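The structure appears right after this line, and notes come after that.
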Amino acid sequence: MLKSPNHGQLFPLSRMGALRAGRWLAGITTLAAILGLASLALGESALAGAPAPGPSGLHVVAKLPGPDGGWDYASFDPARRRVYVAHGTEVTAIEADTGEVTANFAPGDHLHAVLAIPGTDLIATTNSGDATVKFVDAKTGHIQASAPTTPDPDSAVFDPGSGLLLVMGGDSATVNLVDVRQAKVVGAIVVGGALESPAVDGKGRLFVNNEARAEIDVIDLATRKVVGAYPMAGCEKPSGLAYVEGERLVSACRNGLAKILDAASGKEIASLPIGRRPDAVLYDPARSLAMVPSAESGTLSVIALAGPHDNQVTDVVPTEAGARTGAVDVKTGRVYLPVAKLAPPASPGRRPTPVPGTFGVLVLDR
């Protein structure tokens, strides 16, 4: 019995198409072998022609297939050992320890972010289709509540100090303050520009990349005011952002740069070459690494944050073109990158479209 990639229901394998079943089982078997949960090891042919791992040891070891369509952010739920991918009109969930894929774990409307709320049984999703943040039961995938936001709710982060979910209104350039217990927006901070990824320091400050201004805006959550802006010279359209050890910020720029700034002063510590068109910065505190997936180059840039190689790119891992967001399992160090082959846009100025049958999640391990 397998879960349907289309309906999430159990049914005999004989009712699945041979091609889809083969692809699904290949992904699961490969991941099971990697995790030591199956007696079959990866065949040599699966790795034939693959480059030797670089200094980080990370390399692609599996690709788990999923449903067709576009995607945005991914996240890792450490309490449930699960990967979530915001995937169009559905949240796709992957059980990290078994590789089981539930294609439509929860419904959505033009999903952007999906993340588990610590200390609760809830998952929050941002939906630009109907301008809401939805709260989903982490056990069943059923929607428990839906709260209206400002237009274009996009990226989001949970602030443990205030207990608020902070949702970035991308085009509306506002930060929505969402009370997770009441499941409603209790305030909004107008920032201006165009907001991308946020990060919090756990001490009452929110940092958010401002794509239109090539800066990181600094917001005091107690006063609910913008208190500063850190310009980033040479950075075009900053997207991914992470607050990392040593009170540093790592920001990914569309034109192939990673900026590392002092979070207290905004002073630039380093400007590093990475791949072009990144959309996330993945932080692995257990290994003191920041990792930036880049869509145009099809690479994962690994930045060392501790030891003799502080603030340096120490490895560039081949992935696949189109892989731009992802999640990291801090316990194991595995990295998960959603990806699909992209067809040229239907008309100039529009985004490329995923080729049917090519979406999957790359698994990188050491």
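The values are calculated or read from the model by the stated rules, or taken from the named source; none is laboratory data. Every value quoted in this text rests on a predicted model; they were computed, and no experiment measured them. Every residue, glycine as well, gets a Cβ built from its backbone with ideal geometry; the counts of neighbours run over all protein chains shown.
Any residue in the stretch 263-290 that's closer than 17 Å to Val302 by Cβ: show its pairings with residues that are among the β-branched types (Val, Ile, Thr) and surrounded by fewer than 16 Cβ atoms within 10 Å (Cβ to Cβ) at Cβ separation under 7 Å, as long as the two are six or more apart or on different chains.
Sorted first by the residue in the stretch 263-290, then by its partner, the pairs are Asp284/Val330; Pro285/Val330; Ala286/Val330.
Take the residues in the stretch 90-99 that are buried (at least 17 other Cβ atoms within 10 Å of the Cβ) and not aliphatic (A, V, I, L, M), then tell me which one is farthest from Gly129 (Cα to Cα).
Per the criteria, the residue is Gly99.
Evaluate the stretch 227-246: report whether one residue or more is of a type in the set (S, T, N, Q), modelled with pLDDT under 95 and surrounded by 19 or more Cβ atoms within 10 Å (Cβ to Cβ).
no
Would the stretch 209-227 turn up any residue that is among the hydrophobic types (A, V, I, L, M, F, W, C), farther than 17 Å from Ser155 by Cα, assigned to a strand (DSSP E or B) and touching a residue at least 24 places away in the same chain (Cβ under 8 Å)?
Yes, the stretch 209-227 contains at least one residue that is among the hydrophobic types (A, V, I, L, M, F, W, C), farther than 17 Å from Ser155 by Cα, assigned to a strand (DSSP E or B) and touching a residue at least 24 places away in the same chain (Cβ under 8 Å).
Quick one: in the stretch 231-260, which of the residues that are part of a loop (DSSP other than H, G, I, E, B) and among the charged types (D, E, K, R) is nearest to the chain's Cα centre (by Cα)?
Out of the qualifying residues, it is Arg254.
If Leu337 meets every condition in (1) assigned to a strand (DSSP E or B); (2) at positive phi; (3) not aromatic (Phe, Trp, Tyr) apart from one, which number is that one?
For Leu337, the failing item is (2).
Does the stretch 193-207 include one or more residues that are in a loop (DSSP other than H, G, I, E, B), acidic (Asp, Glu), assigned by TED's automatic domain parsing to the domain that holds Ile123 and modelled with pLDDT under 95?
Among the residues of the stretch 193-207, not one is in a loop (DSSP other than H, G, I, E, B), acidic (Asp, Glu), assigned by TED's automatic domain parsing to the domain that holds Ile123 and modelled with pLDDT under 95, which makes the answer no.
I want to confirm something. Restricting to the stretch 261-288 and keeping residues that are basic (Lys, Arg) and under 18 Å from the mean Cα position of the chain (by Cα), which single residue is farthest from Pro198 (Cα to Cα)?
Step by step, filter the stretch 261-288, then rank; the result is Arg276.
Wholly within the stretch 1-117, which strands (runs of 3 or more DSSP E) include no fewer than the required count, namely at least 1 residues that are more than 18 Å from Ala340 (Cβ to Cβ) and either at pLDDT below 95 or more than 17 Å from the chain's Cα centre (by Cα) (or both)?
Filter on the stretch 1-117 gives 59-65, 101-107.
Is at least one residue of the stretch 198-215 hydrophobic (A, V, I, L, M, F, W, C), out of contact with any Leu (no Cβ under 7 Å at 6 or more places or on another chain) and closer than 19 Å to Ala258 by Cβ?
Scanning the stretch 198-215, I find at least one residue that is hydrophobic (A, V, I, L, M, F, W, C), out of contact with any Leu (no Cβ under 7 Å at 6 or more places or on another chain) and closer than 19 Å to Ala258 by Cβ, so the answer is yes.
Kindly check whether there is at least one residue in the stretch 313-323 that is within 17 Å of the chain's Cα centre (by Cα), more than 28 Å from Arg80 (Cβ to Cβ) and crowded, with 22+ Cβ neighbours inside 10 Å.
Within the stretch 313-323, none of the residues are within 17 Å of the chain's Cα centre (by Cα), more than 28 Å from Arg80 (Cβ to Cβ) and crowded, with 22+ Cβ neighbours inside 10 Å.
If you go through the stretch 136-164, how many residues are hydrophobic (A, V, I, L, M, F, W, C) and within 12 Å of Ala113 (Cα to Cα)?
Count: 3.
Asp154 versus (1) assigned to a strand (DSSP E or B); (2) charged (D, E, K, R); (3) out of contact with any Gly (no Cβ under 6 Å at 6 or more places or on another chain): which is the lone unmet condition?
(3)
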